[in-house]
Amino acid sequence: MTRIVVYLLALVGLAVLSVGCATALKGGLQPDERIGSPMSSEEARRADTMYQLLAGEVAGQKGQFGEALESYMKAARDSSDARLAERATQIALYAKQTDKALDAANLWLERDPENLAARKIVAMLLLKSGRQDEALNQLGVILQRADADAENTLVELVRLIGQELSKADAMRLMEQLAERFPQRAEVHYAYSLLAMEQGEVALARREVDKALRLHPDWGRGRILQAQLAARAGDGASAKAILEQALKVEPGSTHLRLVLAEQLMREENPKAAEQQFRRILRQEPDHEDAAFGLSMALLQQHRDDAARKTLMRLAEGSRWSAQAAYYLGLLESRRKQYEAALDWFEQVSGGALALEAQTNAVSSLVALNRGGEAVEKLRHLRKQFPQEALRFYLMEAELLTRDNDYAAAFDVLTEALQAMPQRPELLYTRSLVAERLDRLEVLEQDLNEILKQNPDDANALNALGYTLADKTNRYSEAQRLLARAVELKPEDPAILDSYGWLQYRLGNYDVAVDYLRRAYARNPDVEIAAHLGEVLWIAGERAEAKSVWRKAAKRAPDNEYIRRVMEQFKEAFE
């Protein structure tokens, strides 16, 4: 409580109390100062102010911001001290009570009319309250002040109105401000910035051009002009604008950094590298330039040089998370999966956290630590619920890879309970169901997909192939696969399915034609197994042996090849 009292004494006027103490030391209490004697109206007012401040601080410490604000507002109205109104404004803003914040800020401005911060807050709060004409008047007063820092004030304004106002209202406000101050470059710049954010690129380019006619050598204006040119697809003009601006301000690291970023967008990492290095010669500790340099080096596949820069950034810079992520990718590229995992695990937050943790799963898989990978995926589903579908599918894929089809089926069923009728889950579960010989589930899931989208070629193909391969429902398979071929006539998987159906129907010449076309587009082991079998049965045994042996050499442990080797042993003797 002592700290609170000291603070409050400073607010209500320590000088008065000091005078009282000095008088007492000289000659004792005067008759009208004896304990119990009536207080003057001024003393009573000060005592009430002190009480309100104490009550406000205590309420604030308890989190009772409404009560704290009420106490401070009463104290501020009873005192001429602008600091009390400022404090009330702060409390109201913290409590997100816009109307009361505006009352407090107006009182603050009344107590201290020259206070620029108070006027800015009043203007912003008027905007939030929908009182745009009054806000415009306050902005006009601010812009007439020499100490207004108009450039940054207007950038703050653009950020606020972009959030708080409709597009039409925001654009109208800036248009009125530009009409009122046609000779202020900062106003046209802010109008251009807002127009760009609202997607009005042509208007944005006109307004920034006006700003630069008034202030031709303004680096910030040139950067916006270049950004607008780039957004319009005119990268050459963007680059030229920045290079010209650098001739005027050769020492501007910001201009040079924007030029380097533009060169990166143009996929010219070598030229970007030169610009990043110039910045670093001028400012060796410039972290943004160092990170940009590392990206330029990575694009040039100069991994060792990039690694050195990223290692420095990973040691506590503002780019440390991004550096750790890219160091993880570099280690993955070198197949150093333990090191990659260590780097990825350091990225626990920020924009790259999701991709870093997903890559951590891939590192665990590469290290044959599938159980840990599955556990991590389950944790990630909770950490990133918006990506649950992705992680369910990844978990099912891992389990399928380990031939644990029952567990994969259970995971996908759980996913479908959480996200019913999702085609990706239905399709994946149908494939797993086929492995478990649960054809009723396969048919149910694929038919649900086709109910949602009758022209889903993958679902048509999967259901048609299964009916051809596992049942004698050939007419249904023919209808489904014929439609799939119609939709994707060059897809090797669909050509393979249709050829296999023709083989089951005894149409060997047609079957060989479709399977050869499939194999030419994708010499997949399963397609090779099908083609070889049809060729063998059709009497083309030399070609069948050649196709099979090539497939066996590529994937000797593949289940389709093993099945062929068992069924047609003489072909491999």
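Things to note:
- Sole exception among (1) within 28 Å of ARG401 (Cα to Cα); (2) modelled with pLDDT of 95 or more; (3) buried (at least 23 other Cβ atoms within 10 Å of the Cβ) for ALA493, by number: (3)
- Considering LYS335, LYS270, the condition of being within 30 Å of ASN368 (Cβ to Cβ), of a type in the set (Lys, Arg) and either at pLDDT 95 or above or not in a helix (DSSP H, G or I) (or both) is satisfied by LYS335 alone.
- The lone exception for LYS382 - which of (1) surrounded by 15 or more Cβ atoms within 10 Å (Cβ to Cβ); (2) under 21 Å from the mean Cα position of the chain (by Cα) it fails: (1)
- Being in contact (Cβ under 8 Å) with a residue 12 or more places away in the chain and within 33 Å of the chain's Cα centre (by Cα) holds for only one residue in LEU442, LEU425, and it is LEU425.
- Residue that is of a type in the set (Lys, Arg), crowded, with 16+ Cβ neighbours inside 10 Å and touching a Gly at 6+ places or on another chain (Cβ under 9 Å), where the choices are ARG516, ARG479: ARG516
- Pairs with Cβ under 6 Å, 6+ apart, first in region 211-224 and over 15 Å from ASN152 (Cα atoms), second polar (S, T, N, Q) and at pLDDT 90 or above: none
- Test: residue in region 190-203 that is crowded, with 19+ Cβ neighbours inside 10 Å, of a type in the set (A, V, I, L, M, F, W, C), more than 27 Å from the chain's Cα centre (by Cα) and in a helix (DSSP H, G or I): no
- Pick from region 445-494, criterion out of contact with any Leu (no Cβ under 7 Å at 6 or more places or on another chain) and part of a loop (DSSP other than H, G, I, E, B), ranking: nearest to PRO423 (Cα to Cα): ASN453
- Residue in region 273-291 that is hydrophobic (A, V, I, L, M, F, W, C), within 30 Å of GLN336 (Cα to Cα), at pLDDT 95 or above and open to solvent by 70 Å² or more (accessible area, probe 1.4 Å) present: no
- Of everything in region 338-362 that is open to solvent by 60 Å² or more (accessible area, probe 1.4 Å) and closer than 22 Å to GLN299 by Cα, the residue that is modelled with the lowest pLDDT is ALA351.
- Within region 231-289, the set of residues being of a type in the set (Val, Ile, Thr) and within 22 Å of ALA314 (Cα to Cα) comprises just one member, ILE279.
- Across region 453-489, the qualifying residues are those that are acidic (Asp, Glu) and within 19 Å of ASP513 (Cα to Cα), and the one among them that is nearest to the chain's Cα centre (by Cα) is GLU486.
- Of the helices (runs of 4 or more DSSP H) contained entirely in region 347-438, those carrying at least 1 residues that are among the hydrophobic types (A, V, I, L, M, F, W, C) and within 30 Å of GLN322 (Cβ to Cβ) fall at 353-366, 370-383, 388-401.
The values are calculated or read from the model by the stated rules, or taken from the named source; none is laboratory data. The structure presented is a predicted model; accordingly, all values stated were derived computationally and were not measured. Using ideal geometry, Cβ is built from the backbone for each residue, glycine included, and neighbour counts are taken over all protein chains shown. The protein model used for the area step is the full one, side chains on, heavy atoms only, and it has no ligands, DNA or RNA in it. Shrake-Rupley method; radii C 1.70, N 1.55, O 1.52, S 1.80 Å.
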